[in-house]
Amino acid sequence: MTNTTDTTIYRVLGSDEWAQALSDGQYDGAPHDIADGFIHFSTGDTLAATLALHYAGRDHLKLLRVPVAPIADKLKWEPARGGTLFPHLYDVLSVEYVTRVDDVRLGDDGVHVLPEELR
């Protein structure tokens, strides 16, 4: 099942993980991704909830933007959280597919501050 309305998907990770991915030329995923057999991504609509649920209290994160088109053949849209479809990449993520990287910091209220166009 695909979600044709999303042309960009998002991955949150630690600054150290991104530095390692840049060094390796690819992101293999976090331990939970590796255990699940795919890399978890979010859509623009699910990004804030993903940050709150899985990254609460973590600062100095990176937000990767990845276009769907070049990885579409390895991407599956699968239900999670009450049936919401999430993009799962059944492959490593080559850093060449990352079109933008933003810093994500915690605000004074403890909530992650997303780039303005994603708020």
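Taken together, the values in this text are just the output of simple stated rules run on the coordinates, not laboratory data. Quick caveat: nothing in here was measured; it's all calculated off a predicted structure. We place every Cβ from the backbone using ideal geometry, glycine too, and count neighbours over all the protein chains shown.
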Worksheet item: What does a probe at ARG119 reach in the range 46-83, counting residues whose amide N is under 15 Å from the point 7 Å along Cα→Cβ?
Response: 48
Worksheet entry | Listed residues GLY57, GLY25, GLY83, most fluctuating in the chain (Gaussian network, C-alpha, under 10 Å) | GLY83
Worksheet, complete the sentence: Phi angles of the range 23-30, converted by Karplus (6.51 cos²θ - 1.76 cosθ + 1.60, θ = phi - 60°) into ³J(HN,Hα) in whole Hz with x for Gly and Pro, give 5, 7, x, 7, 10, 8, x, 7
Practice prompt. Return the single residue from LEU64, LEU106, LEU75 with maximal mean-square fluctuation; model: Gaussian network over the chain, springs between Cα atoms under 10 Å.
Written response: LEU106
Discussion item. Using the basic label-point model (7 angstrom from Cα toward the beta carbon), what is the ASP109 to ASP73 distance in nanometres?
Written reply: 4.5 nm
Discussion item. Run the simple label-point estimate for ALA19 and THR7 please: 7 Å along Cα→C-beta, distance reported in nm.
Written reply: 3.5 nm
Worksheet item: Taking the convex hull of the alpha carbon atoms in the range 8-111, what volume per residue do you get, in Å³?
Response: 98 Å³
Practice prompt. Mind putting a number on the dipole of the range 8-111 about its Cα centre? Charges go on the C-beta only, +1 for Lys and Arg and -1 for Asp and Glu, and I need it in Debye to the nearest 20.
Written response: 240 debye
Item to complete: Go through the range 31-119 and name the chymotrypsin sites (Phe, Trp or Tyr not before Pro) that are in a DSSP coil and have 14 or fewer other Cβ atoms within 10 Å of their Cβ.
Response: TYR90
